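Worksheet: one structure, shown below.
The values are calculated or read from the model by the stated rules, or taken from the named source; none is laboratory data. Please read these numbers as outputs of a predicted model, since none were measured by experiment. Cβ atoms come from the backbone with ideal geometry, glycine included; neighbour counts cover every protein chain shown.
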Amino acid sequence: MEYGALYFYTSTIYQWRPLIRQYDFYGTITDSLSFLHKKGVIRVYGFVIMPDHIHLIWQLIKRNGRESPAASLMKFTAHSFEQHILQTNPNDLSNYIVNWRCRKYNFWQPEPDWFLLFKEKTTMQKLNYIHNNPLQKKWRLADDTITYTYSSAKFYETGINEFDFLYHYFDFNDRLPEISFDQVL
């Protein structure tokens with residue numbers, strides 16, 4: 001991913017396990033996003049945290065020391081997951097053992113999905129997708145988009161921003177080409 005561009009990014013828990021919901025790691029992820037934002041390395045324009053994956057619309061601004069912001073997010077959250085599980089349910093760590101030279105446990109699937117957003121229409125489609133994700137038949141995590149806590153939907157629908165790392169995509173530095181509202185529907 002290039003710095004300064006806008007991306008749709010998806011990262012999934014290893015083997016699609018509902019780890020985030022199982023251990024209530026939603027706050028761990030939002031805290032990490034907040035930390036990276038305060039360091040000036042990311043800006044988030046949309047997000048949803050699901051039981052086994054996350055979707056972000058974000059801009060990587062600069063490296064976080066020697067790491068990319070995406071690597072820092074995965075590394076920090078994985079370390080937090082490991083420490084929490086070690087203290088609360090150490091036997092569950094066996095579900096995340098990997099035979100890798102660089103680590104003993106892996107909580108995120110390797111190679112997250114991402115693609116460049118360069119049109120407003122595509123950005124709106126992805127925002128709608130992530131905001132409606134908790135309502136899908138498979139999940140049924142909320143009755144409507146704004147009541148699902150770990151999403152940017154409430155911000156976009158009401159203007160109430162409960163996350164210090166969240167920006168409206170209109171605030172993206174390299175504004176996307178304009179389209180009419182009718183083209184989004």
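One table, with the values for the structure above:
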| item | result |
| --- | --- |
| Subset of segment 132-165 [buried (at least 19 other Cβ atoms within 10 Å of the Cβ) and touching a Lys or Arg at 6+ places or on another chain (Cβ under 9 Å)] | Pro134, Thr145, Tyr148, Phe165 |
| Count of segment 97-112 residues which are out of contact with any helix residue (DSSP H, G or I) (no Cβ under 6 Å at 6 or more places or on another chain) and farther than 13 Å from Ala71 by Cα | 8 |
| Which listed residue, of Tyr26, Tyr14, is crowded, with 16+ Cβ neighbours inside 10 Å, at pLDDT 95 or above and among the aromatic types (Phe, Trp, Tyr) | Tyr26 |
| Among residues of segment 93-131, those that are surrounded by fewer than 16 Cβ atoms within 10 Å (Cβ to Cβ) and in a helix (DSSP H, G or I), counted | 6 |
| Count - residues of segment 3-12 that are under 10 Å from the mean Cα position of the chain (by Cα) and either among the aromatic types (Phe, Trp, Tyr) or part of a helix (DSSP H, G or I) (or both) | 2 |
| Single condition Phe47 does not satisfy, out of (1) without any contact (Cβ under 8 Å) to a residue 60 or more places away in the chain; (2) aromatic (Phe, Trp, Tyr); (3) in contact with a Leu (Cβ under 6 Å, 6 or more places away or on another chain) | (1) |
| Leu86 being surrounded by fewer than 17 Cβ atoms within 10 Å (Cβ to Cβ) and either aliphatic (A, V, I, L, M) or under 21 Å from Phe163 (Cβ atoms) (or both) | yes |
| In segment 18-44, the residues that are in contact (Cβ under 8 Å) with a residue 40 or more places away in the chain and assigned to a loop (DSSP other than H, G, I, E, B) | Tyr23, Phe25 |
| Per-region count, segment 65-97, residues touching a residue at least 12 places away in the same chain (Cβ under 8 Å) and either farther than 18 Å from Tyr23 by Cα or of a type in the set (Gly, Ala, Ser) (or both) | 6 |
| Answer residue from segment 17-47, given it is touching a helix residue (DSSP H, G or I) at 6+ places or on another chain (Cβ under 8 Å) and of a type in the set (Gly, Ala, Ser) and is nearest to Tyr96 (Cα to Cα) among those | Ser32 |
| Test set (1) in a loop (DSSP other than H, G, I, E, B); (2) on the phi > 0 side of the Ramachandran plot - Gln15 fails condition number | (1) |
